[in-house]
Amino acid sequence: HDTVYLADYAPFGWTVEEVHLTFRLSPDATRVTSRIRFAPNPEGRQDRFFLHGEQLKLIEAKIDGAPVSPEVTPRGLTCDVPDAPFTWEAEVEIAPAQNFALEGLYMSNGMYCTQCEAEGFRKITYYPDRPDVMSTFTVRIEGDEKVKLANGNPVDSGAGFAEWHDPWPKPAYLFALVAGDLVNHPDSFTTRSGKQVELNIWVRPGDEDKCAFGMEALKKSMKWDEEVYGREYDLDIFNIVAVDDFNMGAMENKGLNIFNSSCVLASPETSTDANFERIEAIIAHEYFHNWTGNRITCRDWFQLCLKEGLTVFRDAQFTADMRSEPVKRIGDVIDLRARQFREDNGPLAHPVRPESFQEINNFYTATVYEKGAEVIGMLKRLVGDDEYYKALDLYFARHDGQACTIEDWLAVFEEATGRDLSQFKRWYSQAGTPRLHVTETWEDGTFTLHFRQETPATPGQPEKQPQVLPIEVGLIGPNGDEVVETTLLEMTEAEQSFAFTGLGARPVPSILRGFSAPVILQRETDNAERAFLMAHDTDPYNRWEAGRGLAKQALMRMIAGGAAPDEAYLGALHTLLSDETLDPAFRALAMALPSEDDLAQTLHESSMTPDPQRIWEKREEMRDAMARWMPDLLEKLFHAHQVPGTYQPDAGPAASRALANAALSLLTRLDGGEKARAQYASADNMTQQLAALSCLLSIDAAKGELAAFYDHWQADRLVIDKWFSLQVAYAKPAETAATAAALVEHPDFDMKNPNRFRAVFGALSMSPAGFHHASGAGYELLADWLLKLDPLNPQTTARMCAAFQTWRRFDADRQAMMKTQLERIGAQQDLSRDTSEMVSRILG
Ligand code: DPP
Ligand code: ZN
């Protein structure tokens, strides 16, 4: 397979002035005719006129009305064209009902829908399918479906047809079409300049009652983007469609966002608090793309972080504003460490702006998205809020309507702030997580922090240069009072010291407040200091981090040294959980132990070989100890945080439920599931029901409830996904693979539906002790199914190969077993480009 390089970028040799498309819909033989106005591009002369096109049956092609015979290959076509503006016309046939890759035009539960990012439009018609080619689109849809939607504004409709026009030039990846017998949840929004916008969420009949929450989230997002970024919506209508079969979470197509139904449909009976929060965030994310992604797009796919890093950062700001800022930050850091650090410290490590790829779908990663967002956050900390928004205003003013690069983005910041960002730019080019080592000295009232940074080698990047690290620090005096408020230290050298003078006593430092840079902090500390920070730090993030440090230390001693659960940790946790002034959501987070994967990463980092089974057992032992240490407090928390009245998904009641349910999961270890069973029986919402079911599963006492749950919910795909996933997630490690293997025999298992496939196999690969069980059964089962899925859906297959990315961390037996499975996948005949690239990168 060919590799594409950033360094090889060249503009397309033609510009596209306008695009007209007509779709005559039919499941097995949809006809797409295109009429496209091309003109030679003075900035990009090329000899050969090449249009992308894959899996298309070309019926006819014309230039300026005269038939032509292009040279067609599996990747596209070339054709002789005039050295002047011309009109290209083509008719192709495609088969949406046979499209299981879910890229291009496909069918999901009887409806037509599209997914074009990154390179799906080439499966719809011949086109220069690259983000720097932008044009207006006019689309006519012919078919009997009740509802026919495309981008932009509706211009005409009648019996059997609908026409749409999108006045904003856009790249083909933002094209969308939907047709089906859908129903809508309508609303409207008036922009701050008084423009009336029609809003709709379109769903299959029966799902109408699950749209209200998403609609409110959309209106909040529209308002927030006006207030915080000064961005208004720019069409007469904004449509969202829920689709059951979707490879990703959602897609920001201009004026016609398409969502995985799991990321938009919500009701108290079927969605958990976590689902509600995620839906609100994804609706915001896709809406925010209208400016950061659509109005200003990417020049090429290497610049993906330009829109994704920024948009993730924006949606995180939104969630922080709508809910709790510290809780959002802590959740994001947990996620970053779990997914991005794992990627950044293994064979799949790549820069936020990669320099080459074979299949761009493989680069929709935690690094591009989440580390990309961290980079924006660091930039904002470094320049300050005012300068940040000044730079953003300049970005929108200067680049509206353009396809841009990271260089354009940084140039705007340099100009708006007068800063030189050439060293900062390394965050975009250097892969790997920097290690930040800290030591301290104290002399004559001066406290000095000595920092040293180093980034380990990553594939293709043996040597690393120092990066710009914004390090937020506060100092706390021995009596617990803050003596130096949060101060931003800007580290640029490999080694650098910062002194604080005029102090009366040696302070305790609170370093990397708010997790101000995505680094691994390495500092000698002890539990007394951690407990001190847990009690006194004014920075909620570091307060949580101190507790996590205590828990981690205690678990590491149990795993590596056979120690008993640390009573100092249990005592400190008891104190924190008893503090009724603290947000219940914060306390629920504090009660969660570091994940199995987090512990495995840490052991590996300390040159020890993680034993997934032992890690699982020690975490279980610790949770037993927690339950036995504080039964009265847990009872109290459980009862005090029950939320009376009608279910509301807001942050306040959700936080109480999170704390009560965290207490319940420990109490279940003491009461044989009595309280959980009662909660299951009386629950009137999915959060309470699922929490109770999880508790019962964890003690292997959920047989009756599991059956009842299935009977009750079998008609609801999204709830049944939860039913599949929980059984795998809560199986004992020796039974995880067998549980998954049994579930795929269930009549409701459907490998063509990515949500269902992920419900089983995502849960398998995210259960470390089960997936890495010494039998190797987990590895083999996953490989079997990835091989089955690849011919149908390469994108989801490739993404799930990442389960094997940590293979070199483990003992020789496990390594050998994983390598065997990876090689078995790699050897498959006709393996997709997606999966083949992933397997070869993981094998290294
Ligand atoms: N661009 C989508 C998103 O991240 C993913 N295809 O919103
Ligand atoms: Zn996005």
Select from the range 394-440 the residues that are surrounded by 15 or more Cβ atoms within 10 Å (Cβ to Cβ), under 29 Å from PHE12 (Cα atoms) and among the aliphatic types (A, V, I, L, M) and list them in ascending order.
-> LEU394, ALA403, ILE406, LEU410, ALA411, VAL412
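Restricting to the range 79-102, and then to whatever is in contact with a Phe, Trp or Tyr (Cβ under 9 Å, 6 or more places away or on another chain) and under 27 Å from ARG299 (Cβ atoms), can you tell me which residue is surrounded by the fewest Cβ atoms within 10 Å (Cβ to Cβ)? Reasoning before the result, please.
Of the residues in the range 79-102, the ones in contact with a Phe, Trp or Tyr (Cβ under 9 Å, 6 or more places away or on another chain) are 79-81, 85-88, 90, 92, 96-100, 102.
If we keep only those that are under 27 Å from ARG299 (Cβ atoms) as well, we get 79, 81, 85-88, 90, 102.
Details: CYS79: 18, VAL81: 18, PRO85: 13, PHE86: 18, THR87: 15, TRP88: 24, ALA90: 25, LEU102: 24.
Across the range 79-102, the extreme among qualifying residues is PRO85.
Does the range 529-539 contain any residue that is under 23 Å from PHE586 (Cβ atoms), of a type in the set (Lys, Arg) and touching a strand residue (DSSP E or B) at 6+ places or on another chain (Cβ under 8 Å)?
First pass over the range 529-539, keeping only residues under 23 Å from PHE586 (Cβ atoms): 529-539.
Now narrow it down to the ones that are of a type in the set (Lys, Arg): 530.
From what's left, touching a strand residue (DSSP E or B) at 6+ places or on another chain (Cβ under 8 Å): none.
No, the range 529-539 has no match at all.
For every residue, the table says whether it meets (1) in contact with a Leu (Cβ under 8 Å, 6 or more places away or on another chain); (2) crowded, with 20+ Cβ neighbours inside 10 Å; (3) in a loop (DSSP other than H, G, I, E, B); (4) touching a residue at least 60 places away in the same chain (Cβ under 8 Å).
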residue	(1), (2), (3), (4)
ARG628	yes, no, no, no
LEU633	yes, no, no, no
LEU637	yes, yes, no, yes
GLY652	no, no, no, no
ALA655	no, yes, no, yes
ALA681	no, no, no, no
GLN689	no, yes, no, no
CYS695	yes, yes, no, no
ALA701	no, no, yes, no
Criterion: among the polar types (S, T, N, Q), part of a helix (DSSP H, G or I), within 16 Å of ligand 1 (Cβ to nearest atom) and under 13 Å from the mean Cα position of the chain (by Cα) - qualifying residue of THR319, THR311 = THR311
Is it the case that PHE749 is under 25 Å from the mean Cα position of the chain (by Cα) and part of a helix (DSSP H, G or I)?
-> no
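The rows are residues; the columns are (1) at pLDDT below 95; (2) in contact with a Pro (Cβ under 6 Å, 6 or more places away or on another chain); (3) farther than 17 Å from ASN290 by Cα; (4) buried (at least 23 other Cβ atoms within 10 Å of the Cβ).
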| site | (1), (2), (3), (4) |
| --- | --- |
| PHE137 | no, no, no, yes |
| ARG140 | no, no, yes, no |
| GLY143 | no, no, yes, no |
| ALA162 | no, no, yes, no |
| PRO167 | no, no, no, no |
| ASP187 | no, no, yes, no |
| THR190 | no, no, no, no |
| VAL197 | no, no, no, no |
| ASP207 | no, no, yes, no |
What pairs come up if the first residue lies in the range 282-300 and is over 17 Å from PHE137 (Cα atoms) and more than 11 Å from ligand 2 (Cβ to nearest atom), the second is of a type in the set (A, V, I, L, M) and in a loop (DSSP other than H, G, I, E, B), and their beta carbons are under 7 Å apart, counting only those six or more places apart or on different chains?
-> ILE283/VAL264
Could you please give the count of residues in the range 337-365 that are aliphatic (A, V, I, L, M) and surrounded by fewer than 20 Cβ atoms within 10 Å (Cβ to Cβ)?
-> 2
Set MET558, MET622: member being touching a Pro at 6+ places or on another chain (Cβ under 8 Å), part of a helix (DSSP H, G or I) and under 25 Å from ALA655 (Cα atoms) = MET622
All but one of (1) more than 16 Å from ligand 1 (Cβ to nearest atom); (2) touching a strand residue (DSSP E or B) at 6+ places or on another chain (Cβ under 6 Å) hold for PHE363; which doesn't?
-> (1)
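Would you check which residues across the range 233-258 are under 20 Å from the mean Cα position of the chain (by Cα), within 16 Å of ligand 2 (Cβ to nearest atom) and more than 20 Å from PHE396 (Cβ to Cβ) and list them?
The first filter runs over the range 233-258 and keeps only residues under 20 Å from the mean Cα position of the chain (by Cα), leaving 240-253, 257-258.
If we keep only those that are within 16 Å of ligand 2 (Cβ to nearest atom) as well, we get 240, 246-253, 257-258.
Within the range 233-258, ILE240, PHE246, ASN247, MET248, GLY249, ALA250, MET251, ASN253, ASN257, ILE258 meet the criteria.
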Given (1) more than 16 Å from ligand 1 (Cβ to nearest atom); (2) aliphatic (A, V, I, L, M); (3) in contact with a strand residue (DSSP E or B) (Cβ under 6 Å, 6 or more places away or on another chain), where does VAL243 come up short, assuming only one miss?
-> (1)
When residues of the range 473-525 are filtered for being of a type in the set (Gly, Ala, Ser) and in a loop (DSSP other than H, G, I, E, B), how many remain?
-> 8
Among the residues of the range 39-54, which ones are within 17 Å of GLU91 (Cβ to Cβ) and crowded, with 20+ Cβ neighbours inside 10 Å?
-> LEU51, GLY53
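Using the structure shown, decide if GLU226 is within 15 Å of ligand 2 (Cβ to nearest atom) and at pLDDT 95 or above.
Working: within 15 Å of ligand 2 (Cβ to nearest atom): no; at pLDDT 95 or above: yes.
When the stated conditions are applied, GLU226 does not pass them.
Based on this model, can you work out whether THR319 counts as of a type in the set (Ser, Thr, Tyr), crowded, with 19+ Cβ neighbours inside 10 Å, under 23 Å from ALA274 (Cα atoms) and in contact with a His (Cβ under 9 Å, 6 or more places away or on another chain)? Before you say what the answer is, go through the steps one by one.
Values: of a type in the set (Ser, Thr, Tyr): yes; crowded, with 19+ Cβ neighbours inside 10 Å: yes; under 23 Å from ALA274 (Cα atoms): yes; in contact with a His (Cβ under 9 Å, 6 or more places away or on another chain): no.
No: the conditions fail for THR319.
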Filter result for ARG323 (away from ligand 2 (no atom under 15 Å from the Cβ) and under 30 Å from PHE810 (Cα atoms)) = no
For the range 246-264, the count of residues that are within 11 Å of ligand 1 (Cβ to nearest atom) and either of a type in the set (S, T, N, Q) or out of contact with any strand residue (DSSP E or B) (no Cβ under 8 Å at 6 or more places or on another chain) (or both) equals 5
Residues being of a type in the set (Gly, Ala, Ser), more than 13 Å from ligand 1 (Cβ to nearest atom) and buried (at least 22 other Cβ atoms within 10 Å of the Cβ): count how many of those fall in the range 265-297.
-> 2
Could you grab me the full set of residues in the range 441-455 that are surrounded by 15 or more Cβ atoms within 10 Å (Cβ to Cβ) and under 30 Å from THR501 (Cβ atoms)?
-> PHE447, LEU449, PHE451, ARG452, GLN453
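The values are calculated or read from the model by the stated rules, or taken from the named source; none is laboratory data. Since this is a predicted model, take the numbers as computed values, not measurements. As a convention, Cβ positions derive from the backbone with ideal geometry for all residues, glycine included, and neighbour counts pool all protein chains shown.
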